[in-house]
Amino acid sequence: MTPVSQRTVARNTLTVIGLVLLTLLGLFLVYETRRVLIWIVIAAFFATALHPLASWVERRVTWCRRWLSTLVVFLVVFAVLVGLVTLFVVPLVREGSQFADQVPKMVEDARQGRGPVGSLLNRFHVVEWVQQHSAQIQAYVGGLGGTTLAFVRGAATTVAGIVTIFVLAYLMVLEAPRLIDTFLAVFPHRRAERIRRVGNDCAKTITGYISGNLLISVICGVLTYVVLLVMRVPFAGLIALFVAIADLIPLVGATLGAVIASVAGFVHSITAGIVVVVFFVVYQQVENHLLQPVILARTVKVNALAVLVSILIGVELAGILGALLAIPAAGMIQIIGRDVWDTRRGELKEEPTVGPEEEPADAADEPVSAAESAR
């Protein structure tokens, strides 16, 4: 082997080793900063949804600067979220105080076997089990201090994450025109316009999915609250809030909320449980065949198989977050794939070509004969 070839082999070997080390370092950095990266992904998701709204306000109000239009949009969204939270928090606080007042009586009834809870405890011999395992339960309760501390730490991290996501999303929307123009300046004019068009369609998909999914969840929560309130099921606001939040999760969310609400109904009375079950059976049909097609089909036009596959992949990759982002991600992939297909198959080329080698038509030496044209 000549010295030149030896140096080439050594250089290639070092290059491969360097690439492997850089890949490992990149994976390590991604793993260590996974929480921040998740915040950035969520912020980019919401920024993509709110960017068209900020641009619309900026176009409609001529004297409105970019920072002002972005601030207005975020204030409106914040006000809507506060209104929705207030709609549920008011009954939640009222029922929470009622629950605190009823806890001693509920405990005493459970011990004496009175009421629906007491009868259930007696039927399944829960009181005897608690008495037999009182030592283990006391030891477990004694060790809840560390769990409580972890819960408080997790709650603080969640609050910090929400604030960080809000600030990141605001800055992304604020700087979006400059970032987009800088990015598109790298491409030719025709391709830049194509990328801008596809990006706008993807943003509309995300905006439609968020607004549609929130609307469906609010409808589900309100109807659940009405049914539980009519049947006099205790803590209807708390249960309805849980059902509305669970309904945001595709596939399993509505079923999970229905199970919790039905159990609460049966604990109150057999009649209430049957009514709640019937309500959710009927509502699921209405949501699946009326609400979702009407609300989501106009924005996220993805068939059922693609939805299921995307949700399964999203859950496997990122858990609940992946399930929430799976449908808009599938819609964006569909938009990009359709654009690529239309561009490759449905549009004229910039320069006409002939033959399997796609030679330029102007450079063709021989004209195409009539027989070949007929073929």
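The values are calculated or read from the model by the stated rules, or taken from the named source; none is laboratory data. Given the structure is predicted, the values throughout are model-derived calculations rather than measurements. Quick reminder, even Gly has a Cβ in these numbers, built from the backbone with ideal geometry, and neighbours come from all protein chains shown.
Here are the numbers:
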read-out: Residue within region 168-182 that is of a type in the set (Asp, Glu) and either assigned by TED's automatic domain parsing to the domain that holds Asp339 or under 14 Å from Phe46 (Cβ atoms) (or both) present; value: no
read-out: Positions within region 37-66 being outside any loop (DSSP other than H, G, I, E, B) and surrounded by fewer than 12 Cβ atoms within 10 Å (Cβ to Cβ), in sequence order; value: Arg59, Arg60
read-out: Residue in region 183-191 that is closer than 19 Å to Glu58 by Cβ, more than 27 Å from the chain's Cα centre (by Cα) and loosely packed, with under 11 Cβ neighbours inside 10 Å present; value: no
read-out: Test: residue in region 245-255 that is modelled with pLDDT of 85 or more and surrounded by fewer than 16 Cβ atoms within 10 Å (Cβ to Cβ); value: no
